[in-house]
Amino acid sequence: MHEYSLAIGLMESILEAAADNDAKIVNQISVKVGRIAHVNPTQLEFCLKSIGEGTIAENAAYSFEYVDPEIRCSCGYFGKPGEVKDNSDMLEYLVSLVCPICGKNVEVIGGTELSVDSIDID
């Protein structure tokens, strides 16, 4: 599960930000997860809680905000691609992305992120 290695990086950022702000405890952590980032938030949260044991983030609550994909085309289009069907294979979906205006292949510029959005500390 690659969520563990992602969680290590996120927890390092969380603890570093907390230390930089002289935090005694981390209460809440908000994480942005791109819908096409290939990250399972449930598994990520489990890993974060496991890695956070014994730290000031041990009892932190987690919330996850999903970020929809965005695309850009050479024709000037910028926006959302077509909807993903629930049973769609994400790799197939990404490869098949085309501009809704001109039909050309597009550049994916959003929806792949994974980042700490905010940290509530005391």
- Query: Considering only region 5-34, how many residues are crowded, with 19+ Cβ neighbours inside 10 Å and not in a helix (DSSP H, G or I)?
  - Reply: 5
- Is it fair to say residue 80 is modelled with pLDDT under 90, in contact with a helix residue (DSSP H, G or I) (Cβ under 9 Å, 6 or more places away or on another chain) and outside the structural domain of residue 27 (by TED's automatic domain parsing)? no
- Query: Before we move on, is residue 30 within 13 Å of the chain's Cα centre (by Cα), in contact (Cβ under 8 Å) with a residue 60 or more places away in the chain and under 27 Å from residue 108 (Cα atoms)?
  - Reply: yes
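The values are calculated or read from the model by the stated rules, or taken from the named source; none is laboratory data. The model shown is predicted, which means the values in this text are computed figures rather than measured ones. Glycine gets a Cβ as well: all are built from the backbone with ideal geometry, and neighbour counts include every protein chain shown.
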